[in-house]
1. Of the residues M67, M8, only one is surrounded by 10 or more Cβ atoms within 10 Å (Cβ to Cβ), at pLDDT 85 or above, among the aliphatic types (A, V, I, L, M) and in a helix (DSSP H, G or I); which?
2. Which residue, of H48, H43, is surrounded by 10 or more Cβ atoms within 10 Å (Cβ to Cβ), without any contact (Cβ under 8 Å) to a residue 60 or more places away in the chain and not polar (S, T, N, Q)?
3. Within the bounds of the stretch 25-33, is there any residue that is modelled with pLDDT of 80 or more, in contact with a Leu (Cβ under 7 Å, 6 or more places away or on another chain) and in a helix (DSSP H, G or I)?
Amino acid sequence: MTERGQRMLKHPVHRSRQLSAESDLQTSCGLQISTITVCRELHGMGLHGQAAASKPYITNCNAKHQMQWCKAYHH
């Protein structure tokens, strides 16, 4: 793949990290390349697919209990 093609792949990924290699990247770049090539090039640039971390839903009641626990066990 040429340097220009690599830049065309890298630009949309930096704008939106939630693009899929199969459809979104190939259509946004206008390149007719295979999914494996897209993944290989992105891995070569240091961009790897990762799932977002799930954060627990903390209600006001839970926050209050957590704060009480922290204050009770603070050294």
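The values are calculated or read from the model by the stated rules, or taken from the named source; none is laboratory data. In this text the structure is predicted, and so the values were computed from the model without any measurement. Methodologically, a virtual Cβ is constructed for each residue, glycine included, from the backbone with ideal geometry; neighbour enumeration extends over all protein chains shown.
1. Numbers: M8 fails: at pLDDT 85 or above.
Going through M67, M8 in turn, the sole match is M67.
2. Among H48, H43, only H43 is surrounded by 10 or more Cβ atoms within 10 Å (Cβ to Cβ), without any contact (Cβ under 8 Å) to a residue 60 or more places away in the chain and not polar (S, T, N, Q).
3. No; the residues of the stretch 25-33 include none that is modelled with pLDDT of 80 or more, in contact with a Leu (Cβ under 7 Å, 6 or more places away or on another chain) and in a helix (DSSP H, G or I).
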